[in-house]
Structures are given as C-alpha cells and as structure tokens.
1. For the chain, what mean projected area does the convex hull of the alpha carbons give, in nm²?
2. Label the range 81-135 by shape, choosing from rounded, prolate and oblate, from the square roots a ≥ b ≥ c of the eigenvalues of the Cα gyration tensor; if a/c is under 1.5 it is rounded, and otherwise prolate applies when a/b is larger than b/c, oblate when it is not.
3. What chymotrypsin sites (Phe, Trp or Tyr not before Pro) does the range 59-162 have in DSSP loop regions with at most 11 other beta carbons within 10 Å?
4. Quick check on packing: order 52-59, 128-135 by the mean number of other C-beta atoms within 10 Å, highest mean leading.
5. Working from Cα positions, state the angle (0 to 90°, nearest 10) between the long axis of helix 83-100 and the longest principal axis of the chain.
6. Calculate how steeply helix 120-133 sits against the longest principal axis of the alpha-carbon atoms of the chain, using the helix alpha-carbon long axis, and give the answer as 0 to 90 degrees to the nearest 10.
7. Output ³J(HN,Hα) for the range 139-146: one whole-Hz value per residue in order, computed from phi by the Karplus curve 6.51 cos²θ - 1.76 cosθ + 1.60 with θ = phi - 60°, and x for Gly and Pro.
8. Could you give the angle, 0 to 90 degrees to the nearest 10, between helix 30-73's Cα long axis and the longest principal axis of the Cα atoms of the chain?
Amino acid sequence: MPKVIKKKVKSGKPEQEDLQRLIHRAAPYGKKMLYASLAAALLIISAAGFFFYKKGVNADADKLEYEAYRQYYSLYGVKPLVKVEGIRAALEGYKKAYGIRKSAIALYGVASCQYALGNYAEAAASLSELNAKFPDDERYVPLAYYKMALISLKAGKAEETTRLTELQSEA
C-alpha cells in the first residue's frame, strides 16, 4: 500500500504582510521606478506614433502611384484626357509619390512619362538615378536599361545601345 503524502502546512505570514514588506523594500527606489516607467511609456508611444506615421505615408504614396498609373493608361473610369494631358497628369502624380516615398516604381513612372512626352534627356537622368538608387530591384532595373537603350538608339548612339542591352541581359 502506498504511503500517504502529507500536505506541507504553510507556516508564516499572510499575503498582506508580504505585500507591505515588498512596498517597504521598494520605497527607496520610488523615483527611479517612476522615471523608468515614464521613459518606457514614452518609448512605446514614440514607436507607435512612428509606426502609424510610416503606414500613413506609405498609403499616401501608394495612392498617388496608383492614381498616376490610372492616368497614364486611362484605366478604370478615369476620364480619357488628351493623351499628352493624361501623361502630364501621370507625371505629376508620380513626382508627388516619389517626393513622399522614394521608390523604384515611382521613379520608373516618372521616367516613362518623360519618355512618352519626348523629354529623353530627363528620362535618361531619371533612369540613371533609378539604377543608382535601386541597383538590386529585379523588376525595374532591367526595364530601366531597356528604356535607356531605346533613348540612346533614338539619339543614334549605337555603341551605348549595345552596352546598355548587354547590361540589361546581365541584370
């Protein structure tokens, strides 16, 4: 037959005395605890504020990029403007989006609009900036090299066109 396990009886003080003792021991550290808790609260509020600010900025930039895309291609209920006016409106939208958030899609949109308007020097400068700022972007760097090759082909620079098409195939 198994032995009966006896319950250990707590000998000592009730929880009220333990709580008072804890408060008494923490009293010398009161100001430090207050400052530490205020610093922690401030840090948490700052992090939350930054998170919501960043989320709002990204949402604004996404909205501007999408609206510019719709203007450029006259999509989804956008009143079709004269093609040049639509491209100018898209260019302004992409520039605003790039001003809010530096992204490859916005910069490529700026370059595409400039190319469509015939501003080849500005388009080449925007594409060069895209290649410099976003060299690891797998979606837009090859397209940028391709469009740069088209610009150099229109300018009659055969060697540069060949070099850019080789860079495009490597990207």
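The values are calculated or read from the model by the stated rules, or taken from the named source; none is laboratory data. Keep in mind that this is a model prediction, so the values were computed, not measured. As a convention, Cβ positions derive from the backbone with ideal geometry for all residues, glycine included, and neighbour counts pool all protein chains shown. Ligands, DNA and RNA are stripped out before the accessible areas are found, and what is left, the full protein with its side chains, is counted by its heavy atoms. Shrake-Rupley method; radii C 1.70, N 1.55, O 1.52, S 1.80 Å.
1. Seen from a random direction, the Cα hull of the chain projects 24.5 nm² on average.
2. Oblate, since a/c reaches 1.5 and b/c is not below a/b.
3. Details: sites: Tyr66, Tyr69, Tyr72, Tyr73, Tyr76, Tyr94, Tyr98, Tyr108, Tyr115, Tyr120, Tyr140, Tyr145, Tyr146; in loops: Tyr76, Tyr140.
Of the chymotrypsin sites (Phe, Trp or Tyr not before Pro), the ones in loops of the range 59-162 whose Cβ has at most 11 other Cβ atoms within 10 Å are Tyr76.
4. Working: 52-59: 11.0, 128-135: 15.2.
Ranked from most to least packed, the peptides come out as 128-135, 52-59.
5. 30
6. In the chain, helix 120-133 runs at an angle near 30 degrees to the longest axis.
7. Running phi through 6.51 cos²θ - 1.76 cosθ + 1.60 with θ = phi - 60° gives 7, 9, 5, x, 5, 5, 5, 4 Hz.
8. 20
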